[in-house]
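J.: Once you've had a glance at the structure underneath, I'll fire off some questions.
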């Protein structure tokens, strides 16, 4: 799964793309045109050690909101503004919603703007038509978003706390 973010750190803006290589914590992090292979390991106290093949960095998450992250990097406090970039997929056989937007057949889109409060699937999971894949909070109500087809989860483009619109492809099922 690939996740893309716009990040602001020390008044500098970065586009960051994170790809998970394996379940063992190995990541490829692309910052602008630079690419880094990083091993992420979580400690018992909830802090992280990030190794870029030459150095270890101690990361402690102090506070996380939908747009800010307060961390300590090697005991130095830092504030990071971040925004997840939601992917939009197109296909040669689009399915059209009532808004006229092209949609990927069999995939999950929110019926209204809102906030994702739970994600029940991950890449590689097998789902059945009608199975709940995530929960959307909208207008003070919690809505179960369900798989519209049997298949395998190919992409999860949302996480708990994400704000979404009707054009956002949340989950790709093939």
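Computed from the coordinates by the stated procedures, all read-outs in this text should not be read as laboratory data. Keep in mind it's a predicted model, so treat the numbers as computed, not measured.
J.: Any chance you could get the radius of gyration and Dmax over the Cα atoms of the chain, in Å?
T.: Final numbers for Rg and Dmax: 17.7, 52 Å.
J.: Counting each pair of different Cα atoms once, what's the Kirkwood radius of region 1-72 in Å, rounded to one decimal?
T.: 13.3 Å
J.: Among rounded, prolate and oblate, which fits region 95-173 when a ≥ b ≥ c are the square roots of the eigenvalues of its C-alpha gyration tensor, a/c under 1.5 means rounded, and a/b larger than b/c means prolate?
T.: Details: a/c = 1.67, a/b = 1.12, b/c = 1.49.
Note, shape of region 95-173 comes out oblate.
J.: Taking the chain as a Gaussian network, where each spring joins two C-alpha atoms under 10 Å apart, which residue of 155, 137, 33 fluctuates the most?
T.: Ranking 155, 137, 33 by mean-square fluctuation puts 33 first.
J.: Here's another thing I want to ask about it. Please find, in a Gaussian network model of the chain (springs between Cα atoms separated by less than 10 Å), the residue of 114, 46, 130 whose mean-square fluctuation is greatest.
T.: 46
J.: For the chain, what relative contact order do you get, as a whole percent, if you take Cα pairs closer than 8 Å and at least 6 residues apart?
T.: Taking the mean separation of contacting Cα pairs over the length of the chain, I get 16 percent.
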